[in-house]
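Heads up: the structure comes next, in structure tokens.
Every number here is computed from the coordinates shown, using simple stated rules; none is lab data. None of the values given here were measured: they were computed from a predicted structure. Cβ atoms come from the backbone with ideal geometry, glycine included; neighbour counts cover every protein chain shown.
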């Protein structure tokens, strides 16, 4: 039996102005950094060596994956595998739970990180698993452990991840003696995370490990595409939050509308919001277009077996709806109101200045 959980992990770069490294140096830094963590062993890193001397810029400032930014760098065909030993005591400290409530039921784990066409697909396997071991729970432990450890070591990398990591399902692989296909999967809906039970035909695979490798190959495209959808949703969420913050600033400026400087500050904020709304609408259109193209390229091919389509469909259906038109109308209202205020202010100033000039001229003439 094999038990594992799904995730989206990457070793991302810290921003260092002016620094440029090669793909080879990036890969070496992954190995060096992992070797600095004494709980980590059996590190294996593979990639396309023909890309070894391609440049990667570290002054390319971007956010982390959990804020909707894609994996950076994304090295073609990068595969990282390593083992982690985490005593129950350490697991308890990481999750702030007692030993008796830990659902890993093991102290040994194996991490797999794959670069795919769509992005990163990752898994945490529970080694020496028992009945009741949870792969998704193991992802939580390993995620928090690596996040913490990479903050302690001297490296230009940081451990990056995109939620939900863990993927909201527990994966289990067993040998099935009475199946005709190479692999079958059953989604068992239970309280909490569903269980995805894989049965493999022992006549088609030499071992559990062989079957597990095949399942990873089958899952990688779907899992990485699922996280592309999540990333787009998260990115739009943060963009909209930025628009809402600017909108709140307009409301605050309304409270001081008698101040002369407010007219011009409000105009600046309004222009910024209108620009952000335009960018937001453009990104929604672009995201929807690429979503359909990618979905069709994955799921409308004949002959392939799919395991995560239900999850992908659920993610697409759960997209947020933003009040873009209503917000645009509200901002337009503030813009017209502000323009009218500025117009009245200019008229008033013109009248005052005109009156002063008239008085001065009258005095000079008399």
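Only DSSP H runs of four or more residues enter the estimate; each adds -39500 (n - 2.57), and after division by the residues of the chain the mean residue ellipticity at 222 nm equals -17000 deg cm²/dmol.
Taking 0.36 nm per residue of sequence separation and removing the Cα-Cα distance, the residue 77/residue 131 pair yields an extension gain of 16.1 nm.
For region 175-303, the relative contact order works out to 17 percent when only alpha carbon pairs closer than 8 Å and six or more residues apart are counted.
If neighbour count is taken as other Cβ atoms inside 10 Å, put 327, 116 in order from fewest to most. The fewest-first ordering by Cβ neighbours comes to 327, 116.
Length gained on full extension, residue 316 to residue 22, computed as 0.36 nm times the residue gap minus the Cα-Cα distance: 102.2 nm.
Relative to the longest principal axis of the chain, what angle (0 to 90°, nearest 10) does the C-alpha long axis of helix 260-299 take? For helix 260-299, the angle is close to 30 degrees.
In terms of its C-alpha gyration tensor, region 2-167 has a prolate overall shape, because the principal axis ratio a/c (a ≥ b ≥ c, square roots of the eigenvalues) is not below 1.5 and a/b outweighs b/c.
In this rough spin-label picture, where each label sits 7 Å from Cα along the Cβ direction, the residue 179-residue 217 distance is 1.6 nm.
Counting only C-alpha contacts under 8 Å and six or more residues apart, can you give the relative contact order of region 2-167 as a whole percent?
After rounding, I find 36 percent.
Averaging the Cα positions of each part gives two centres, and for region 219-249 and region 152-179 these lie 21 Å apart. Full extension of the segment from residue 153 to residue 42, taken as 0.36 nm per residue of separation minus the current Cα-Cα distance, would add 38.1 nm. Computed over the chain with a Gaussian network model linking Cα atoms closer than 10 Å, the most mobile of 169, 206, 71 is 206. Measuring nothing but how far apart in sequence close Cα pairs (under 8 Å, 6+ apart) lie, relative to its length, the chain scores a relative contact order of 18 percent. Using the beta-carbon distance between residue 305 and residue 233 and R0 = 30 Å, what value does 1/(1 + (r/R0)^6) give for FRET efficiency, to the nearest 0.05? My answer for the efficiency is 0.65. A simple spin-label model places pseudo-atoms 7 Å from Cα toward Cβ; at residue 295 and residue 325 they are separated by 2.2 nm.
Peptide packing: for 320-326, 135-141, the average count of neighbouring Cβ atoms within 10 Å per residue gives the ranking 135-141, 320-326, highest mean first. With neighbours defined as other Cβ atoms within 10 Å of a residue's Cβ, the residues 111, 40 order from fewest to most as 40, 111. For the chain, rounded, prolate or oblate, judged on the Cα gyration tensor with a ≥ b ≥ c (square roots of eigenvalues), a/c < 1.5 rounded, else prolate if a/b > b/c? Since a/c reaches 1.5 and a/b is larger than b/c, the shape of the chain is classed as prolate.
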